[in-house]
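The values are calculated or read from the model by the stated rules, or taken from the named source; none is laboratory data. Here the structure is a predicted model, which is why all the values come from computation and not from measurement. Reconstructed Cβ throughout: ideal geometry from the backbone, glycine too, with neighbour counts over all protein chains shown.
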Amino acid sequence: MRMKKLMILATCAAIAAVACTKIHEVTPVTQGPEIGFGTWADVMTKGRTATDTNFGSGDKFNVFGSKTVSSTTSVVFNGDEVSFDGTNWNYSPARFWDPSASGYNFFAISPAELLPTDMSAAAKETAATTGAFSTKELTFDGTVAYDVLVAKKTPVAPAAYNTPVNLDFQHVASLVDVKIKKSYALKDATVTVTAISLENIVKKGTYNVASYVTTAGADLNKPVVAVANWTPAASEATGSFAGTTGAVGQYGYASVEGEALSGTPLNAFTSFVAMPQALVPATGANPQQIKISYTITTTVGETITHSNKTVAFAAFDTVDNKVNTDTQAATAWNPNTHYIYTLTLDAHKIDFTASITNWDSTVIYGYYNLVQ
């Protein structure tokens, strides 16, 4: 009886990292402690900003996993939901490490609601054994920010069976910020954005995990991602999104006027999670673009209104204070990439030049003979 109690206590100590809330009596010869999942950072989940890199209570992911015993691979997790309570990652029913297995492989996607509700048993088996699967049709509508995260393929060797599986998630959506500033010429003027929106943005589609990097190196086992992994929906695929309006407080180009930028730019769009997509050229049909209306009020009280001006994202340059040069910023919004666009509002100042016209070349002689 004493030996049995010691065995149970040893089991709880081995799985303490995943919160031993109940005692599981196990037979060490055939199975090990419960399979648990660890916490990790350097990720951004739904509803978080780009600088918030921690999971929060209530976050979830779906996990797929398989094991290999005597060259035979079998499914262990087939899309099971794992949720975070603020301290531990939990799932049910429990699975246990099999010491006779030569290895395990795990794949995962977050947030948990991204998988199709009618995902077939065959599709789940394929996901568990190869990591290949597709999401349901997702709509990036500005209210539900699907920051789609896919974990690297995570192989686990027997030496690590009794430790939590540490999944490293990668972003497969795009992150877009739009900042508005004013030119140095308008530094004394009051510039106010009255309306701003993103237009013709592809907002609906599905994401397909097809393969993983197999070359050894920093990206080993990382999902192979590209714009091509996203398939736009057949209908209602594009939309417009309203941004933040207000005063524009920053002016200047640090490399041009010789003085530091002043004030704070207007953050019209901050951490806008977008579906990856190719950018239509500015001269093409329905390019992804910024539409903006704004007013300029001078120090003498004159107000000038500009309405519904548009700038295509494909027209942005990589160098500040350049316009439509050959240094194009991007031809696509790629997965796992953060894009920061700065739009400078400028105006043509009324200037004067002066010259003096020479005297008329005609010489008129006048004579008068005054006799008193």
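Before moving on, here are some points about what is shown:
- Yes/no for Asn200 being outside the structural domain of Gly103 (by TED's automatic domain parsing), part of a strand (DSSP E or B) and on the phi > 0 side of the Ramachandran plot: yes
- Matching residues in the stretch 111-145 - criterion: being crowded, with 17+ Cβ neighbours inside 10 Å, hydrophobic (A, V, I, L, M, F, W, C) and part of a helix (DSSP H, G or I): Ala112, Leu114, Ala123, Ala127, Ala128
Each row is one residue, and each column tells you yes or no for (1) among the β-branched types (Val, Ile, Thr); (2) within 28 Å of Tyr207 (Cβ to Cβ); (3) part of a strand (DSSP E or B).
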residue: Tyr294; (1), (2), (3): no, no, yes
residue: Ile350; (1), (2), (3): yes, no, no
residue: Ala354; (1), (2), (3): no, no, no
residue: Trp359; (1), (2), (3): no, no, no
residue: Ile364; (1), (2), (3): yes, no, no
residue: Asn369; (1), (2), (3): no, no, no
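- Any hit, the stretch 325-341, residues being in contact (Cβ under 8 Å) with a residue 24 or more places away in the chain, in a loop (DSSP other than H, G, I, E, B) and exposed (fewer than 14 other Cβ atoms within 10 Å of the Cβ): yes
- Qualifying position, being loosely packed, with under 13 Cβ neighbours inside 10 Å, more than 25 Å from the chain's Cα centre (by Cα) and in the same structural domain as Thr337 (by TED's automatic domain parsing), among Thr299, Thr295, Thr215, Thr264: Thr299
- Screening the candidates Thr214, Thr192, Thr231 for the property of being more than 30 Å from Phe106 (Cα to Cα) and either among the hydroxyl-bearing types (Ser, Thr, Tyr) or not in a strand (DSSP E or B) (or both) yields one hit, Thr192.
- Yes/no for Lys136 being closer than 22 Å to Gly58 by Cβ, of a type in the set (D, E, K, R) and in contact (Cβ under 8 Å) with a residue 12 or more places away in the chain: yes
- For Asn308, the stated conditions hold: it is modelled with pLDDT of 90 or more, under 30 Å from Asn200 (Cβ atoms) and touching a strand residue (DSSP E or B) at 6+ places or on another chain (Cβ under 9 Å).
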